[in-house]
Amino acid sequence: MPRYKMLNGEFVQFTAEEETTRDAEEKAWADNAPNRAAAKIRKKRNALLAETDWMANNDMSTMSDAWKNYRQALRDIPAQSGFPNDEGYTVTYPTKPS
């Protein structure tokens, strides 16, 4: 299916070179999808870790095992099966201890 661009107020069909360039751009975008997905997941994971940093920066002996396990589970998210390349992959975030 041909692509068009707006030029001087009119739709003009892409040249063969423009089609090739656009195909390469779309392929690069698609190929980088796993990296974008991983970055998004890590950003959320890092925010969740940051919420508990005050406990870790305090005195590790006062942090409960539940919180230590929670923080470790957050750090282990990139090790989850399929992260993030498998189609249909859904990240499993650990539940915060109460």
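Over the chain, give the accessible area per residue in Å² for a 1.4 Å probe, as an integer.
Counting only protein heavy atoms, the per-residue value for the chain is 75 Å².
Relative to the longest principal axis of the chain, what angle (0 to 90°, nearest 10) does the C-alpha long axis of helix 16-31 take?
For helix 16-31, the angle is close to 10 degrees.
Helix 33-58 versus the longest principal axis of the chain: what angle, 0 to 90°, nearest 10, using Cα atoms?
With rounding to tens, the tilt is 20 degrees.
Helix 65-75 sits at what angle to the longest principal axis of the chain, using alpha carbons and giving 0 to 90 degrees rounded to 10?
Between helix and principal axis, roughly 20 degrees.
Over the chain, what is the relative contact order in percent, taking alpha-carbon pairs closer than 8 angstrom and at least six residues apart?
Reported relative contact order: 21 percent.
Which net charge results when you count Lys and Arg as +1 and Asp and Glu as -1 among the other residues whose beta-carbon is under 11 Å from that of PRO84?
Taking every other residue near PRO84 into account, the sum is +1.
Quick one, can you get me the convex hull of the C-alpha atoms of the chain expressed as volume per residue in Å³?
165 Å³
The values are calculated or read from the model by the stated rules, or taken from the named source; none is laboratory data. As the structure is a prediction and not an experimental result, all values here were calculated from the model. Ideal geometry is used to build each Cβ from the backbone, glycine not excepted, and the neighbour counts take in all protein chains shown. Note: areas computed on protein heavy atoms with side chains; ligands, DNA, RNA excluded. Shrake-Rupley method; radii C 1.70, N 1.55, O 1.52, S 1.80 Å.
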